[in-house]
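First the structure, in the form of structure tokens, and then the observations on it.
Readers should treat all values here as calculations from the given coordinates under stated rules, not as data from a laboratory. All values derive from a computational prediction rather than experimental measurement. All Cβ positions, glycine included, derive from the backbone under ideal geometry; neighbour counts span all protein chains shown.
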Amino acid sequence: MLAKTLVAVAILALASPVAAEAPQANVVPQLAVSYADLDLTTPAGEAALDGRIQRAVRALCPADPGLSELSRHRIATSCISETRLRVSQSVAEAVSASRMTRNENRQVAAR
């Protein structure tokens, strides 16, 4: 059984103004998002994982000041969209693995 329970959410260090001030500029901020308690074979499970990832992305990306500061707004929105795009492959793999495991369990039960 494939037991992946974490999706890593990481952003580019260059996208965060805080990272530019950090002594180790090559460090990429990351958060692990657990989905061990979710059933990714259901829409509710996928939605719950998506919500967790959205909160992690918002925690890692710089705060969006709104349109009042257009350059910081662009950095924040770019960070969020690029991070979501990068993590989407990991999420797709996790959902696929969950579905395969579920199908394998169904086949074994049917025998």
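Quick notes on this structure:
- Extended-chain gain in nm, criterion 0.36 nm per residue less alpha-carbon gap, His73 and Gln54: 5.1 nm
- When the GluC sites (Glu not before Pro) in the stretch 41-90 are filtered for DSSP coil states and for at most 13 other beta-carbon atoms within 10 Å of their beta-carbon, the remaining sites are Glu69.
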